[in-house]
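Participant: Here it is: the structure, laid out below.
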Amino acid sequence: MKLRRKRYLIDKKLQLRLLVYNIIYFLIIVSVIGVGLFLPLVIELSDGNLDIMQQGVVADKILYLHSRLGPVLLVIFLVFGVHSLLVSHKIAGPLYRFRATFQQVAEGDLSKVIGIRKGDFLLNEQAKIEEMISALRAKLSIVKREQAVIERVVNQLGQESAQSGDLKRSIAALEECNSRLKKELEYFRLTDMDVVNVRDAGKIFNPDDQGK
């Protein structure tokens, strides 16, 4: 499914901060260009050895540059601002998805994947986060399968145990341990395929096979 964003200000604080930085850089560049173009003419105009005609020529140059350079810089400023907003959108969008994924992981949900748009930045970071979540999901899937086997064993021992008090107490302790482990593992949510594997692990265990 192709992802589309209707809003260009995904993270207003971040994107506006980046825009302000770019505007500052733009103003610095414009200032350097302005000084390089106008300062020599201003110095030349202030030369007392120039006659009226020469001063008029220099003044015409200043007015010409001012009249031409102003509109050009304005257009460049607008294009620069729009471009900065679009570029920041390609950064803020993935960061927004990353934060949402981090929150899901913090809540124990490992079943989601990070979806970012084609052309967005931070693709390498997305791959590393996906790798981290996949590794964690695999480890938890193994732990949940083992817990399912333990639960199956506990149930079978409870059904087959004799009336021995020591054995019953051991089984009760194992049941409590299994219950605590199961409660903690229920905090995490895996993919549907992992859930099926966990259920199958609890169903297919046969203690008679352990001695074979």
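Just so you know, all these numbers are worked out from the coordinates, no wet-lab data involved. This structure is a prediction, so every number in the text was calculated from the model and none was measured. Cβ sites come from the backbone with ideal geometry, for glycine too, and all protein chains shown count toward neighbours.
Participant: Is there a residue in segment 22-32 that is within 27 Å of the chain's Cα centre (by Cα) and either among the hydroxyl-bearing types (S, T, Y) or farther than 30 Å from L123 by Cα (or both)?
Facilitator: Going residue by residue through segment 22-32, those that are within 27 Å of the chain's Cα centre (by Cα) are 22-25.
If we keep only those that are either among the hydroxyl-bearing types (S, T, Y) or farther than 30 Å from L123 by Cα (or both) too, we end up with 25.
Yes.
Participant: Go over the candidates R137, R145, R97 one by one and state the one that is basic (K, R) and within 25 Å of Y21 (Cα to Cα).
Facilitator: Working: R137 fails: within 25 Å of Y21 (Cα to Cα); R145 fails: within 25 Å of Y21 (Cα to Cα).
The conditions single out R97.
Participant: What's the total number of residues in segment 42-66 that are assigned to a helix (DSSP H, G or I) and either touching a strand residue (DSSP E or B) at 6+ places or on another chain (Cβ under 9 Å) or not charged (D, E, K, R) (or both)?
Facilitator: Our first condition is that a residue be assigned to a helix (DSSP H, G or I); within segment 42-66, this holds for 42-45, 52-66.
Now drop any that are not either touching a strand residue (DSSP E or B) at 6+ places or on another chain (Cβ under 9 Å) or not charged (D, E, K, R) (or both), which leaves 42-43, 45, 52-59, 62-66.
Number satisfying all stated conditions: 16.
Participant: Let me ask something else about it. Those residues that are in a helix (DSSP H, G or I) and surrounded by fewer than 17 Cβ atoms within 10 Å (Cβ to Cβ), I need them from segment 108-136; list them, please. Before you say what the answer is, go through the steps one by one.
Facilitator: Taking segment 108-136 and keeping what is in a helix (DSSP H, G or I), we get 123-136.
L123, N124, E125, A127, K128, E130, E131, M132, S134, A135, L136, listed by residue number.
Participant: Also, quick follow-up: Please find, among L39, L86, L74, L69, the residue that is in contact (Cβ under 8 Å) with a residue 60 or more places away in the chain and part of a helix (DSSP H, G or I). Before the answer, list the steps.
Facilitator: Numbers: L39 fails: in contact (Cβ under 8 Å) with a residue 60 or more places away in the chain; L74 fails: in contact (Cβ under 8 Å) with a residue 60 or more places away in the chain; L69 fails: in contact (Cβ under 8 Å) with a residue 60 or more places away in the chain.
Only one candidate qualifies: L86.
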